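Shown next, in structure tokens, is the structure this report addresses.
The values are calculated or read from the model by the stated rules, or taken from the named source; none is laboratory data. Please read these numbers as outputs of a predicted model, since none were measured by experiment. Reconstructed Cβ throughout: ideal geometry from the backbone, glycine too, with neighbour counts over all protein chains shown.
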Ligand code: ATP
């Protein structure tokens, strides 16, 4: 059977246990390899406090020992704006036309999906997995232009491995009340980030003095 590949992007400034728990749950629920892709931040947005190399290094430390979770720096290596559609096109070329590919997005981000660069082409390249919190309060808001396609595109998790692209499924993931912003804020206040980030990441942050002097970026 063709292996299922999923991608999960973020700033990862720094990676924390909320990110890693979600990635693991995606991997288990889909029986998939999950690539975590740190994103370059456009010049007009608040810049990450850690460099691209440091964010990548922390991700690699955090993923050590997780056989099916992989750090992927392809978006950091690309010049100019980084669009999901370009990343998916690159992966599609590498994995072949038959490999099921899944783009994972949070429910909030999915609500704005129709404003993404060439979003319609995304469905030709991959499935979309919308990550929700358990419980009915967090129902997925379908972007208006996609509502008409909801019946045709919506699928069960098991269906994602049956075709290379084109479906939308949902996965309720364990909510951990951790954000990178909160991690940066507590380090800047002189507090210890252990048990919010993997131990090796806490050790790296301490060794390099990351996030200590600088004010949180938002
Ligand atoms: P920041 O606080 O700097 O905005 P963040 O913690 O939200 O960062 P990102 O790197 O921006 O982290 O997020 C990458 C992805 O991980 C996003 O889809 C985001 O919704 C998701 N995510 C972040 N924190 C959690 C969490 N605690 N549980 C589940 N998903 C999370």
Exercise for review: Considering every residue within the stretch 129-139, establish whether at least one is touching a strand residue (DSSP E or B) at 6+ places or on another chain (Cβ under 9 Å), away from the ligand (no atom under 16 Å from the Cβ), over 21 Å from residue 85 (Cα atoms) and at pLDDT below 95.
Suggested key: yes
Practice item. With respect to residue 35, determine if the residue is over 10 Å from the mean Cα position of the chain (by Cα) and closer than 12 Å to residue 102 by Cα. Key: no
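Look at residue 170 and say whether it is assigned to a helix (DSSP H, G or I), away from the ligand (no atom under 11 Å from the Cβ) and either in contact (Cβ under 8 Å) with a residue 60 or more places away in the chain or out of contact with any helix residue (DSSP H, G or I) (no Cβ under 7 Å at 6 or more places or on another chain) (or both). Outline the logic, then answer.
Working: assigned to a helix (DSSP H, G or I): no; away from the ligand (no atom under 11 Å from the Cβ): yes; either in contact (Cβ under 8 Å) with a residue 60 or more places away in the chain or out of contact with any helix residue (DSSP H, G or I) (no Cβ under 7 Å at 6 or more places or on another chain) (or both): yes.
No; evaluated as a whole, the condition is false for this residue.
Scan the helices (runs of 4 or more DSSP H) fully inside the stretch 34-143 and keep the ones with 3 or more residues being loosely packed, with under 15 Cβ neighbours inside 10 Å and without any contact (Cβ under 8 Å) to a residue 24 or more places away in the chain.
Values: elements: 52-63, 74-77, 84-95, 107-111, 119-125.
Filter on the stretch 34-143 gives 84-95.
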Review point. Assuming residue 201 fulfils every condition listed in (1) away from the ligand (no atom under 16 Å from the Cβ); (2) surrounded by 13 or more Cβ atoms within 10 Å (Cβ to Cβ); (3) in contact (Cβ under 8 Å) with a residue 12 or more places away in the chain apart from one, which condition is it?
Key: (1)
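If a residue has to be touching a helix residue (DSSP H, G or I) at 6+ places or on another chain (Cβ under 8 Å) and either more than 13 Å from residue 69 (Cβ to Cβ) or near the ligand (Cβ under 8 Å from one of its atoms) (or both) to count, how many in the stretch 1-18 make the cut? Explain how you work it out, then say what you get.
Initial filter on the stretch 1-18 (touching a helix residue (DSSP H, G or I) at 6+ places or on another chain (Cβ under 8 Å)): 1-2, 4-16.
Those left that are additionally either more than 13 Å from residue 69 (Cβ to Cβ) or near the ligand (Cβ under 8 Å from one of its atoms) (or both): 1-2, 4, 8-16.
Number of matching residues: 12.
Looking only at the stretch 204-216, count every residue that is within 16 Å of the ligand (Cβ to nearest atom) and surrounded by fewer than 15 Cβ atoms within 10 Å (Cβ to Cβ) and tell me the total. Working first, answer last.
Kept after step one, since they are within 16 Å of the ligand (Cβ to nearest atom), are these residues of the stretch 204-216: 205, 210-211, 214-216.
From what is left, the residues that are surrounded by fewer than 15 Cβ atoms within 10 Å (Cβ to Cβ) are 214-215.
Result for the stretch 204-216: 2.
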